[in-house]
1. Compute the long axis of helix 261-275 from its Cα atoms, compare it with the longest principal axis of the Cα atoms of the chain, and write down the angle in degrees, 0 to 90, nearest 10.
2. Report the GluC sites (Glu not before Pro) located in the stretch 532-603 that are in a DSSP loop and have at most 15 other Cβ atoms inside 10 Å of their Cβ, or state none.
3. Per-residue counts of other Cβ atoms within 10 Å, averaged by peptide: what ranking do you get for 281-290, 622-631, highest first?
4. Which parts of the stretch 461-482 would a label at residue 540 reach, counting a residue when its backbone N lies under 15 Å from a point 7 Å out along Cα-to-Cβ?
5. Could you tell me the largest-minus-smallest coordinate of the C-alpha atoms of the stretch 351-436 on each of the three principal axes, in descending order and whole angstroms?
6. How high is the relative contact order of the chain? Use alpha-carbon pairs under 8 Å, at least six apart in sequence, and give a whole percent.
7. Using a cut-off of 16 Å between alpha-carbon atoms, which lysines can reach residue 37, once sequence neighbours fewer than 8 places away in the same chain are excluded?
8. Taking Cα pairs under 8 Å and at least six residues apart, what relative contact order does the stretch 635-699 come out at, in percent?
Amino acid sequence: MLVSYQKVDDIGVISIDNPPVNALSQGVRQGILDAIKSAEDDDIKAIVILCEGRTFIAGADISEFGKPVQEPTLPQLNTAIESSGKSVIAAIHGTALGGGFELALSCHYRCAQASASVGLPEVTLGLLPGAGGTQRVPRLIGVKAALDLMTTGNKAGANEARDLGLIDRVLKGDLKEAAMDYARELIAKGAGLRRVRDISIPATSFGKEAFEDYRQQLNKRKRGQEAPQKIVSCVEAAMDKPFEEGLAYERSCFVECVQSEQSAALRHIFFAERQAPKVAGIAKSVVPRPVQRVGIIGAGTMGGGIAMSFANAGIPVTLLDASEEGLERGLALIDKNYGISVSKGKLSEEQATEREALISGTVDYEELVDVDLVIEAVFESMDVKRQVFSRLDEVCKQGAILATNTSYLDVNEIAGSTSRPQDVVGLHFFSPANVMRLLEVVKAESTADEVITTAMALGKRIGKVPVLAGVCYGFIGNRMLRQYAREAQLCMIEGAEPAQIDGVLTNFGMAMGPLSVGDLAGLDIGYKARQALTDEQKGDPRSYCIADALVELGRLGQKAGAGYYKYDPDTRARSTDPVVLDVIREQARKHGVQRRELSDEEILDRHLLALINEGFRILEEGIAQRPGDIDVVYVHGYGFPSYRGGPMFYASQRGLGNVLGSIEKLYGATGEPYWAPAPLLKKLVASDLTLDDWMAGNG
Ligand code: T1G
């Protein structure tokens, strides 16, 4: 039964039971409406609405979007609740989000368990609160607080929500009992019907110029996104228009958002993130191994960041380094990072201390005998890694998982240096590892299903988005990045300046342009890696000659104050450097490249199509399970704009025929093998199939 109604003394109790998160499906909306009508006719004095299971309503049912709207709509339901002749009290536990919290706002009173939180995260789905949230919230807590709540999508804990005025009472003890007591209290004092819609917003509280300033801030904070700006307009309407007109305006803006490409993309990412950790072909009976203690080899930047990821999840970590000074340096960096989090207000002193205390250091492998998982994060050299793994093989207990953080080396070869290849897996974190959410879980030939299941569960437990990858050079993300980075180099030597290339990609929505990323990571990393390769392995010299020339000039990137750009020593602001333009022209001359004007469109297309073409190859080879996995990799590991859904979703929205045609043009113009269209792309276009068709087994 999705919704039940029962009379308890003089209180009607409406209980919702729609696992897993009590989403407001059509059946739930109808059930609540029917229950409200039943309660109207009962001789009761108040109505309590609460939910079974883990949480109060977590929002509209996102899976219904894109389908025909079925009545009663949520705004209709909320109007019925607010117009009720009986006081309606929302009793909140877990997370009351989106339409769930909007339903609570249409109630006359709201109470919540101290552990509960409330929020309007619609903006993270490219939407806006479309069931009265933009009209009721500013009436309850004022314009500025309402704008902050809705444009960030952040949750507010019960106490903060009460202090803001979003809820009236923080409950103690059992939810239902405490909510019933609160209802009786309201009845006893004749609290009556308190409709949020009747509250007016002081006209002087937020002027036109304040709204304009807020819009400017959003242009920076939420660059390129449509929904945040619409939220501002809806809140402005709450000030300027009568409630019903404000609701109607909100509804029209909401419908525009639901139909927008940005919202389709963000909803795709929402579900793709939750799909990614599910591994096809592994039986549900395979349960994760317990992981209570973790060891990490290598106290460098990556090892330290990984250690923090586990400590942040409350998992004790033993951090091992080859030398005392290496270990000290690593622990000092961890301490510094926690200090920064505290100074930024992201963590309290005690939280930071508690987490840091979970990380202990050692130079002795014998201290790893009891760990359930070890993650190696040493220098990217196969010899070094093989030595580390054979040592771990000697020391670690049976059943311990031995993981490598390598970003492109062959995990099969690493596994081969142990007597237990079934326990070896790749856990590829992204720098800074305590911040970036992506975790590539690399399954080698012998990796046991149980190890993969454990890695996926652990990835979620430490707040990452785990994605399964097969073994190849660069797995999913770095393999695609090589194609993308090549195009940046070729566009540069053919005629574009670094600022134009980075400008085109950041205007598209990338967090950073490819050349700025190079300067951030350090140009010497690629340079050193290339020294170990033959000319044949290095590929087209035009794709690295500029980088090599800059490194040989000592321009290693941000850390050297100069790379593709020069950096202000104080502000680290980036600016074009004529020296670099001379280097580019010199390398073009040296390699016989006739420079020309490149359009922004050409630059953008070449970068995106390079990612997409490689993505199709990765799918075809089974290196990634699904297109959505590739999208999650690029959004959470490489700064691809989530409101464009990732490279493969973008390709689908653009149309695979259009994508193929554009790639074929590049192939025709260059004759380069990497522009040969991926066979899977050609096959889908030839059969007029989409990637969804292919995933459904029709391709
Ligand atoms: N609709 C449908 N399914 C949902 C859902 C939703 N709103 N929220 C979660 N699920 C599914 C999810 O796909 C997964 O399914 C399972 O529930 C567990 O989720 C009119 C229009 C509530 C904090 O944005 O933030 O209301 O993979 O793995 O980590 O203004 O889910 O098990 O098959 O995330 O414990 C606004 C979205 C909607 C909240 C729980 N609401 N959800 O986190 O579990 S728009 C949201 C969450 C709206 C109104 C507008 C989280 C959670 P499966 P999970 P979790």
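1. Helix 261-275 sits at roughly 80 degrees to that axis.
2. 597
3. On the way: 281-290: 10.7, 622-631: 24.0.
Highest-to-lowest ranking by the protection proxy: 622-631, 281-290.
4. Residues 482 qualify, since their backbone N sits under 15 Å from the label point.
5. Result, largest extent first: 41, 27, 21 Å.
6. 9
7. In chain and number order, the partners are 7, 45, 86.
8. So the answer I get is 23 percent.
Since every read-out is calculated from the coordinates, none of them should be taken as a lab result. Given the structure is predicted, the values throughout are model-derived calculations rather than measurements. Cβ coordinates were reconstructed from backbone atoms using ideal geometry, including for glycine residues, and neighbour counts include every protein chain displayed.
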